[in-house]
Amino acid sequence: MELKKSEEVLAEIHRNCQLALQSISDILPETEDAQLREELLRQHEDYEKIGGKAALLAKDKSIELKNPGPIKKAMMWSSIKMSTMTDNSRAHIAEMMVQGTVMGITALKSTLGEVSDEYADEDIIDLARELLSAEEDFEKKWKMLIA
C-alpha cells in the first residue's frame, strides 16, 4: 500500500512539473516585460531539472508516469490566452503565476500529507520536498513582482 503512495507522490511531482512547464510555455509569448521573461525562463529550467529527476526515479523504480492529457493542456492554453488578451501587464502575469504556483503547492502538500515518511520511498519524498521548496520560493518572487 505504501509503495502505491510513493508512486502517487512521484506522479504528483511529474504532473506538477508538466503543468508548470506547459503554463510557462503558454505565457512566455504573451510576456513583453524583460524581467518577467527572465524569471519565467529561469523557473522553466528549474521545473525541467526536477521533472528530469522525477523521470529518472520513475525509470529506476519501474514506475510509469503519465503526462497531462490534451484536453487539460488545451483548457490551460485557452485560459491563459484569454486572460492575457485583455491584460498582459507585469502584475497580471505575476498574479496568474502565483495562482498556478499556489495550486501546485497545495497539491504537493496534500499528497505529502497522505504519506507516512516511515514507509515512503526516501528519494521520492526528498524530490517532492525539493519541488515544494522551489515552488514556495517562486510564489514569493511572483508576489514581489505583483506590486
Scan of the stretch 77-108 for residues that are closer than 16 Å to TRP142 by Cβ and of a type in the set (Ser, Thr, Tyr), ordered by number: SER83, THR84, SER89, THR101, THR106
Among residues of the stretch 76-107, those that are over 16 Å from the mean Cα position of the chain (by Cα) and more than 22 Å from ALA134 (Cα to Cα), counted: 11
Contacts under 7 angstrom Cβ, first residue in the stretch 105-133 being surrounded by 11 or more Cβ atoms within 10 Å (Cβ to Cβ), partner of a type in the set (Lys, Arg) and at pLDDT 95 or above, 6 or more apart: LEU127/LYS53
SER79 vs. criteria among the small types (Gly, Ala, Ser) and loosely packed, with under 12 Cβ neighbours inside 10 Å: no
Scope the stretch 84-97; condition among the hydroxyl-bearing types (Ser, Thr, Tyr) and either closer than 12 Å to THR31 by Cα or at pLDDT 90 or above (or both); matching residues: THR84, SER89
Selection from the stretch 15-74 of residues that are hydroxyl-bearing (Ser, Thr, Tyr), out of contact with any Leu (no Cβ under 8 Å at 6 or more places or on another chain) and in contact (Cβ under 8 Å) with a residue 60 or more places away in the chain: SER23
Matching option when the condition is surrounded by fewer than 17 Cβ atoms within 10 Å (Cβ to Cβ), more than 19 Å from SER25 (Cβ to Cβ) and not aliphatic (A, V, I, L, M), among LYS72, LYS61: LYS61
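The values are calculated or read from the model by the stated rules, or taken from the named source; none is laboratory data. The model shown is predicted, which means the values in this text are computed figures rather than measured ones. A quick note on method: Cβ atoms are made from the backbone with ideal geometry, for glycine too, and the neighbour counts reach across all protein chains shown.
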